[in-house]
């Protein structure tokens, strides 16, 4: 018999939210973009975990069928130079949620069950930004920005949450010698399943999708933000029975095809409720793939500052607003989503803190002459600045390797010796970070992360779990 998690009442909404400065003219701009002066657009973010750059049909996969993602690309816009802030789980999510390099908000690596830190309550999240404009908000899937109660989504602007607090391999069956406690499934601020099993994991993609569809249905009469962060295709790989054996790529391909099915459920729901013409849907991944994933034509993989670790397949869809069947190679990234959504919602992020992202609506909309707002992009791994990109040029600092990414996307030919002026320019750009995010440590522009002292974890190695989240 199919096992389902026990449901519970939604968590209480945040009582106090940080106020947002309303930008002059932004409400009118958002209304014009949405085509509806009375209601700003809805936002849906579909976020996968460790998906390879090529593991989508419209990004070149020869053996994984993704008809719904391909439909998004045919009716929308591909982003071929879309970057994560760091090529690892928690850091990437921190950039998405805050609009900043993860170093700026103190989040590095992948937070596990033993972590005593997470997102700081002083950071303004994408959910808190749009809530100020009357949005309903929900996060379903993997969170990974801290598992203690003060770090959970419902404490950071999301009305609803259902999912895993961290990666699906952080459980007692981890293949290495690391010993993790049982894996909990959370709804709102309550553990509804303290011991997620392999059978449960086969249903995660389906459960997340069902929650997403129900949220859209009940929120259809007001603007909403839906953050759907799939646990897959992070290992261990699990897929439901309905998608087993469907792909020529084996289990990994089956998992991607089920994610594609999930995207189809979202698009079909929006169409059925007549919301498609007023909803921006974005699909992307938290970093490059590893294991069975394929990052071609990029070099590298998850965890590296090569393009295969940092550049992710991204599609934007909004019928009638985003030009169909188009693509852009403009340098954009995870940090740009918050300021872009803020502008379209009719507001703006606050002026009392530094963000690293920028409004990329002109690029999304395919406006003539629209260019990347980023003159420089910095590739961090942990606290260490490892590479810098400006225009087509990328310099790996320690190895003194220079690549022209417009002609050598696979970083195969080091042209540093032939371009000493570019090497010098990029090194000077890197040196600027010494007085901001730092070069190999915590820079003066970094803000503190959130911490807990002597806190009991959600779940212990003995299986006991907290009920007071």
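Derivation of every value follows stated rules applied to the coordinates shown; laboratory data play no part. Just so we're clear, the structure is a prediction, and the values are computed from it rather than from any experiment. When we count neighbours, we look across all protein chains shown, and the Cβ atoms used for this are built from the backbone with ideal geometry, even at glycine.
Counting alpha carbon pairs within less than 8 Å and at least 6 residues apart, what relative contact order, in whole percent, applies to the range 377-435?
Values: 75 pairs, mean separation 15.1, N = 59.
Reported as a whole number, the value is 26 percent.
Sort all Cα-Cα distances of the range 103-203 into consecutive 5 angstrom bins from zero, then give the percent of pairs in each bin up to the one containing the longest distance.
2, 12, 22, 23, 18, 12, 7, 3, 1, 0
Per-residue ellipticity at 222 nm for the chain, helices alone: DSSP H runs ≥ 4 residues times -39500 (n - 2.57), over residue total, nearest 500 deg cm²/dmol?
Numbers: 11 runs with 104 residues, N = 469.
After summing the helix terms and dividing by residue count, I get -6500 deg cm²/dmol.
Over the range 50-160, what is the relative contact order in percent, taking alpha-carbon pairs closer than 8 angstrom and at least six residues apart? Each step should come with its number before you reach the end.
Working: 133 pairs, mean separation 20.4, N = 111.
Normalised by residue count, the contact order of the range 50-160 is 18 percent.
What does DSSP give for the chain in terms of the percent of beta bridges that are antiparallel, rounded to the nearest 5? If you can, show how the numbers build up before the last one.
Numbers: 29 of 55 bridges.
The antiparallel proportion sits near 55 percent.
What spacing in nm lies between the two simple spin-label points modelled at residue 39 and residue 324, each 7 Å away from Cα in the Cβ direction?
Between residue 39 and residue 324, the label points sit 2.3 nm apart.
What number, in nm² with one decimal, is the all-direction average of the projected area of the convex hull of the alpha-carbon atoms of the range 377-435? Can you show the working numbers first?
On the way: hull surface 15.9 nm².
Taking a quarter of the hull surface, the average projection is 4.0 nm².
What relative contact order, as a whole-number percentage, does the chain give when Cα pairs under 8 Å and 6 or more residues apart are counted?
On the way: 1127 pairs, mean separation 121.2, N = 469.
After rounding, I find 26 percent.
Stokes-Einstein at 20 °C, 1.002 mPa s, Kirkwood radius from Cα pairs: D for the range 406-469 in µm² s⁻¹?
127
With N denoting the number of residues in the range 31-109, provide Rg(C-alpha) divided by 2.2 N^0.38 Å, to two decimal places.
It is 1.38.
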